[in-house]
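The values are calculated or read from the model by the stated rules, or taken from the named source; none is laboratory data. If you're wondering where the values come from, they're calculated on a predicted model, not measured in any experiment. When we count neighbours, we look across all protein chains shown, and the Cβ atoms used for this are built from the backbone with ideal geometry, even at glycine. The protein model used for the area step is the full one, side chains on, heavy atoms only, and it has no ligands, DNA or RNA in it. Shrake-Rupley method; radii C 1.70, N 1.55, O 1.52, S 1.80 Å.
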Amino acid sequence: IYGASDNETKSDSGVSEVPVPADDTPEVLNKALSGLSSRWKNWWVRGILTLAMISFFFIIIYLGPMVLMMIVLCVQIKCFHEIITIGYSVYHSYHLPWFRTLSWYFLLCVNYFFYGETVTDYFFTLVQREEPLRILSKYHRFISFALYLTGFCMFVLSLVKKHYRLQFYMFGWTHVTLLIVVTQSHLIIHNLFEGMIWFIVPISCVICNDIMAYMFGFFFGRTPLIKLSPKKTWEGFIGGLFATIVFGILLSYVMSGYRFFVCPVEFNNDSNSFTVDCKPSELFQLQDYGLPPVLQSITGWTTVKLYPFQIHSIALSAFASIMGPFGGFFASGFKRAFKIKDFANTIPGHGGIMDRFDCQYLMATFVNVYIASFIRGPNPSKVIQQLLALRPDQQLHIFNSLKAHLTEKGLLPALEEAA
């Protein structure tokens with residue numbers, strides 16, 4: 001801590017070292033790979049467990065959006081736990097009162113706020129149908145603020161004179177962790193509601209870039225990329241970029257042909273369940289695109305059929321390859337600041353869950369901003385839901401205003417003749 005007094009400082013850097021976890025590689029793999037050098041042993045361990053994680057990813061996709069949302073919540077909680085544990089490991093000797101209790105309480109408050117907003121937005125009809133839910137929805141933000149205010153007061157009451165600076169530092173630690181982990185994981189769920197393709201393609205691009213950058217760097221890497229992460233190389237960075245763009249275009253082509261992936265996730269009031277059935281938008285319908293003269297001379301084609309989403313996938317892949325790694329560099333800098341190799345030892349060869357999701361959170365924010373800026377338009381179903389919740393006199397006023405507007409534009413007579 002910069003400028004900390006002597007009794008608040010454990011070392012020149014302001015922090016004490018976090019204990020390095022022991023090797024947690026499964027004994028079976030240790031025996032099978034015992035004859036290999038540490039470099040190749042790590043390569044095989046990472047490869048085997050990467051395939052296991054990809055298989056698990058396919059399984060949860062097959063299980064549907066509700067399971068995906070639960071997995072996102074579980075990953076969020078584990079990432080929060082890993083970061084908070086680092087803080088506790090560094091400062092546990094000070095016995096800061098209520099630090100872990102308040103950290104988990106604030107996590108509960110923030111999740112209550114965000115998930116309450118999501119329920120109100122996407123389950124509007126259900127909320128209005130059930131009286132208790134309708135009351136909770138109406139006063140949701142006030143309840144959320146009251147819960148946070150309770151935690152704020154608990155923190156103030158827990159202040160101890162000799163630890164003021166450390167306690168405020170840890171208060172900030174908790175809130176920055178909530179901003180990085182909880183807020184961005186909530187954006188992942190919002191992306192999921194736009195259609196599972198907006199969830200799967202970005203995540204898959206980050207995974208592909210991580211794998212291909214590692215492979216290119218492992219076999220061809222010679223030139224260091226950044227001091228924060230000395231194992232990263234320019235060869236891996238560039239190879240991962242091109243491989244990820246190609247992968248994103250191909251994956252988008254395959255997924256764009258299935259309604260299960262492209263339709264928005266909506267709640268069906270009749271069956272009280274999620275549905276992913278719709279008429280695909282123009283974004284997921286094949287269109288002809290003219291090729292540049294150079295490509296025409298090479299391929300002999302003048303046009304090519306593509307889904308418009310494939311064009312967008314290039315932007316997603318490029319961001320995953322160029323900007324996404326900066327999430328990893330940020331995490332590397334964080335770990336170096338606290339003299340640790342990984343956030344945890346949950347996954348042998350890969351570190352903790354946060355080590356695998358440091359780029360995913362940054363990617364989720366970009367996808368959410370990208371959808372809001374270039375894709376999403378007004379949602380008629382949500383507008384109708386909100387109109388039905390108004391008083392009859394308000395509905396009548398909107399009806400008359402809309403009728404006058406359509407008549408003025410000359411659309412209403414045309415509609416009446418068609419009827």
remark   = If the label point sits 7 Å along Cα→Cβ of residue 154, residues of region 71-115 with amide N under 14 Å come out as 97-112
query = So, by mean Cβ neighbours within 10 angstrom, what's the order for 328-335, 274-281, 200-207 with the highest one leading?
reply = 200-207, 328-335, 274-281
query = Got a number for the accessible area of residue 235? Probe 1.4 Å, square angstrom, nearest 10.
reply = 50
key: Accessible area, probe 1.4 Å, largest first, for residues 46, 222   = 222, 46
key: For region 166-222: span of alpha carbons on each principal axis (Å, largest first)   = 47, 37, 8
Pair residue 164, residue 98: separation of 7 Å Cα→Cβ label points (nm) = 1.8
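Only helical DSSP H runs with n ≥ 4 go in: add -39500 (n - 2.57) per run for the chain, normalise by residue count and round the 222 nm mean residue ellipticity to 500 deg cm²/dmol.
Result for the chain: -21500 deg cm²/dmol, rounded to the nearest 500.
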Positive-end residue, the chain charge dipole about Cα centroid, Cβ charges, pick of 394, 413, 170 = 170
message = Could you sort the peptides 50-61, 186-197, 144-155, 251-262 by per-residue average Cβ neighbour count (10 Å cutoff), highest mean leading?
response = 186-197, 251-262, 144-155, 50-61
inquiry  = So if I place +1 on the C-beta of Lys and Arg and -1 on the C-beta of Asp and Glu, and nothing else carries charge, what would the dipole magnitude of region 142-261 be about its Cα centre? I want it in debye, nearest 20.
reply    = 560
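At 1.4 Å probe radius, can you tell me the per residue accessible area of the chain in Å²?
57
With a ≥ b ≥ c the root eigenvalues of the C-alpha gyration tensor of region 134-194, is it rounded (a/c under 1.5), prolate (a/b larger than b/c) or oblate?
Details: a/c = 6.78, a/b = 1.55, b/c = 4.37.
Oblate shape, in that a/c is at least 1.5 and b/c is the bigger or equal ratio.
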request  = Report Rg(Cα)/(2.2 N^0.38 Å) for region 285-379, keeping two decimals.
outcome  = 1.58
remark   = Checked against the positive end of the charge dipole of region 153-274 (+1 on Cβ of Lys and Arg, -1 on Cβ of Asp and Glu, about the Cα centre), the farthest of 224, 240, 256 is 224
remark   = Convex hull around the C-alpha positions of region 238-286: the volume in Å³ per residue is 85
query = By what distance, in whole Å, do the Cα atoms of region 103-143 stretch along each of the three principal axes, largest value first?
reply = 35, 17, 12
message = Checking the table 162/339; 305/409; 78/305 against a 32 Å threshold on Cα-Cα, which pairs fail?
response = 305/409; 78/305
task = Express the carbon and sulfur contribution to the solvent-accessible surface of the chain as a percent, rounded to the nearest whole number, probe 1.4 angstrom.
result = 68
task = Identify unpaired cysteines across the chain, taking unpaired to mean no other cysteine Cβ lies under 4.7 Å from the residue's Cβ.
result = 74, 79, 109, 153, 205, 208, 359
message = Could you tell me how far the Cα centroid of region 208-265 sits from the Cα centroid of region 307-381, in Å?
response = 12
request  = Calculate, for residue 372 and residue 220, the FRET efficiency according to 1/(1 + (r/R0)^6) with r their C-beta to C-beta distance and R0 41 Å; round to the nearest 0.05.
outcome  = 0.60
request  = Only helices at least 27 Å long along their axis, Cα-based, and averaging 0.0 or more on Kyte-Doolittle count here, so list those DSSP H runs from the chain.
outcome  = 38-63, 65-91, 99-122, 196-220, 234-255
remark   = For the chain, whose charge dipole is built from +1 on Lys and Arg Cβ atoms and -1 on Asp and Glu Cβ atoms, the candidate among 145, 203, 180 with its Cα farthest towards the positive end is 180
note = re the chain: pairs of Cα atoms spaced beyond 37 Å account for a percent value of 38
note = Taking only C-alpha positions in region 179-331, Rg and Dmax in angstrom work out to 18.5, 60
remark   = Here the relative contact order (percent) of the chain, from C-alpha pairs under 8 Å and at least 6 apart, is 19
note = Stretched fully, the stretch from residue 121 through residue 42 gains (0.36 nm per residue minus C-alpha distance, one decimal, in nm) 23.9 nm
inquiry  = Under a Cβ-only charge scheme (Lys and Arg +1, Asp and Glu -1), can you give me the dipole magnitude of the chain about the Cα centre, in debye to the nearest 20?
reply    = 1000
key: Theoretical FRET efficiency, 1/(1+(r/R0)^6), r = Cβ-Cβ of residue 273 and residue 89, R0 56 Å, to 0.05   = 0.85
key: Cα-derived Rg to Rh of region 32-135, Kirkwood definition   = 1.16
